[in-house]
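Heads up, the thing below is written out as structure tokens.
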Amino acid sequence: MSSLSFSLLNKDTHQDSQFSIKFQVQERQFDANCAIVKPLKCNPVLSENKSSIRGVVGELLQKSNPHKPLISLGVGDASSYPCFRKGREFASETIAAVGASAEFDCYAPSYGYPAARRAVAEYLSIGVTNPSIIIRETDVFMTSGGNQAIQVSIAVLVRQHGRSNLLLPRPGFAPYEAACELYGVEPRYYDLVPQRGWEVDLAQVRYLADSETVGLVIITPNNPCGAVYSIAHQFQIAETARELGLPVLADEVYGHMVFGNNKFVPMISYAHVAPIITIGTLSKRWMVPGWRLGWLAFTDPNGSLRKVRAATEALMNVTAGPASIVQAAVPRILSDSHKEFHRNTIQLLESSADMLYQRISQIETLNCPSKPQGSMFMMVEINTKALSGIRDDMEFATKLIKEESILILPGSVLGLKNWVRLFFGVPIESLHDACDRIEAFCKRHQLKSME
Ligand SMILES: *Cc1c(COP(=O)(O)O)cnc(C)c1O
């Protein structure tokens with residue numbers, strides 16, 4: 001090890017007008033006694049090993065039955081299946097957009113490239129029912145996936161560390177809770193009501209909100225329930241937010257992924273009632289989750305989020321957004337030249353959802369209150385009283401993967417005990433196979449007295 005000593009003042013003569021700079025470089029033995037051996041502390045919020053989707057899924061995967069091929073209905077990623085890639089040309093479009101130019105070698109603008117922001121603004125306007133709602137390029141911030149959009153929006157909404165709270169759906173999407181904890185915001189859960197198509201319990205929202213509440217999170221089309229809220233319900237949500245003086249954080253990462261007669265209406269249609277912060281991503285509808293491209297957009301015709309928007313600009317100026325190369329392709333990817341790809345996706349998802357709902361409904365020990373209307377997920381309740389040796393959702397998931405190599409997500413990870421989430425963005429043949437095995441598993445464990 002070298003030691004370097006450095007003095008700016010001639011101590012012998014005390015003549016500070018005359019600086020002498022001395023460098024001494026000596027070779028010295030590394031002194032082991034100086035090494036730091038005690039464990040250093042970290043952010044306490046991150047030191048507990050909390051159950052995350054990835055953590056639970058990782059543990060379950062290690063238990064799969066080596067004699068049966070694994071079918072995963074556990075994580076929401078359809079991108080690996082060729083049937084879901086039909087007609088997708090995003091990679092070649094990206095190459096074409098970047099070309100040989102060095103433009104995208106440089107740092108991207110903090111809020112994203114203007115062309116990408118403009119493309120998102122135009123995309124967000126599709127299906128807006130109120131013609132007076134306008135969303136501009138400057139309302140949009142490009143982020144590293146939907147997850148960074150969640151992190152940023154929560155970070156900027158905190159008014160006071162440790163005192164603010166945010167209203168979140170239960171069952172919900174775990175990264176919201178994680179971001180709340182990280183930024184010192186208390187997550188407060190309102191229920192989605194299974195008997196009412198997983199609608200928001202607005203009475204409970206009113207009950208939970210207080211003067212320290214900073215926002216109301218809504219996910220539609222919904223992960224994990226597959227619900228798509230009606231126009232009437234969306235209006236009620238906006239009205240409730242207005243009453244409570246809250247912005248709506250509208251997670252629309254499954255926007256336009258709706259089946260049958262269901263219609264996707266962007267929440268910004270009600271921005272004249274309550275200000276809306278929309279969260280979006282390329283991960284789900286375009287099925288490129290590894291590209292890490294998402295966005296955050298303000299629709300705030302009355303300007304009540306002026307300070308929150310300024311805080312977003314400040315935060316984006318000190319954090320890095322998504323890679324320049326992916327942003328380059330955004331205008332092409334979001335253009336309407338991919339209708340066929342989207343149609344194919346919806347068709348596949350819709351037939352999977354229909355089939356899954358029918359098959360699961362026939363299993364005596366399981367209960368599925370409503371058929372998914374969109375997204376890629378369905379919630380199923382387990383009748384643990386009718387099953388022997390299965391006390392809860394965790395045990396159900398563990399035994400199911402041990403015996404049948406079927407991976408599902410235990411609902412307790414999402415805040416709903418004794419429910420499980422099934423992902424149906426898998427090829428229909430695999431889904432049939434998975435249903436056969438879930439059915440066999442449930443039959444095998446069904447209490448004899450219940451048969
Ligand atoms: C997947 C997902 C996100 C985050 O998207 P990424 O781009 O993968 O970070 C946000 N919200 C919901 C409801 C999601 O399902």
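If exposed means no more than 11 neighbouring beta carbons inside 10 Å and the site is in a DSSP loop, what's the longest run of the chain without any exposed chymotrypsin sites (Phe, Trp or Tyr not before Pro)? Spell out each step's value before the answer.
Numbers: sites that count: 19, 30, 107.
Answer - 108-451.
Sequence gap at least 6, Cα distance under 8 Å: using those rules, report the relative contact order of the stretch 91-334 to the nearest whole percent. Don't skip to the end; give the middle numbers.
Details: 471 pairs, mean separation 70.5, N = 244.
It comes to 29 percent, rounded to a whole number.
What percent of all Cα-Cα pairs in the stretch 91-334 falls in each 10 Å bin, counting up from 0?
Taking all Cα pairs of the stretch 91-334, the binned fractions are 8, 33, 37, 17, 4, 0 percent.
What percent antiparallel are the DSSP beta bridges of the chain, to the nearest 5? Spell out each step's value before the answer.
Numbers: 29 of 48 bridges.
Beta bridges within the chain, antiparallel portion: roughly 60 percent.
Let me check against my output: what whole-number percent is the relative contact order of the stretch 56-142, with C-alpha pairs under 8 Å and at least 6 apart?
21 percent
Amide H of residue 213: which non-local residues (sequence gap of 5 or more, or other chain) have their own amide H closer than 5 Å, using H built in the peptide plane?
It is 165, by chain and number.
Can you give the relative contact order of the chain as a percent, counting alpha carbon pairs under 8 Å and 6+ residues apart? Working shown, then result.
On the way: 838 pairs, mean separation 94.5, N = 451.
Contact order relative to length: 21 percent.
Between the DSSP loop rule and a limit of at most 14 other Cβ atoms within 10 Å, which trypsin sites (Lys or Arg not before Pro) in the stretch 162-204 are left? Spell out each step's value before the answer.
Numbers: sites: 163, 188, 196; in loops: 163.
Listed in order of number, the matching sites are 163.
Using amide H atoms built 1.01 Å from N in the peptide plane, name the residues 5+ places from residue 405, or on other chains, whose amide H lies under 5 Å from its own.
65
Per-residue HN-Hα couplings for the stretch 100-112, Karplus 6.51 cos²θ - 1.76 cosθ + 1.60 at θ = phi - 60°, whole Hz, x for Gly and Pro?
3J(HN,Hα) across the stretch 100-112, in whole Hz: 9, 6, 8, 3, 8, 7, 7, 4, 6, x, 3, 9, x.
Taking a 19 Å limit on the Cα-Cα distance, which of the listed pairs 68/402; 399/443; 339/371; 63/284; 385/448 fall beyond it? Walk me through the numbers on the way to the answer.
On the way: 68/402 10 Å; 399/443 13 Å; 339/371 25 Å; 63/284 28 Å; 385/448 12 Å.
Check vs 19 Å cut-off fails for 339/371; 63/284.
Going by alpha carbons, how many degrees (0 to 90, nearest 10) lie between the helix axis of 145-157 and the longest principal axis of the chain?
Helix 145-157 sits at roughly 70 degrees to that axis.
Select from 253, 81, 276 the residue farthest towards the positive end of the dipole of the chain; place +1 on Cβ of Lys and Arg, -1 on Cβ of Asp and Glu, and compute about the Cα centre.
It is 81, whose Cα lies furthest towards the positive end.
Between residue 143 and residues 5 or more places away or on another chain, which pairs have amide H atoms under 5 Å apart, with H built 1.01 Å from N, and which residues are they?
294, 295, 296
Here, each number is a calculation from the coordinates, and none is a lab measurement. Not measured: the values here are computed from a predicted model. Please note: Cβ atoms are built from the backbone with ideal geometry, for glycine as well, and neighbour counts cover all protein chains shown.
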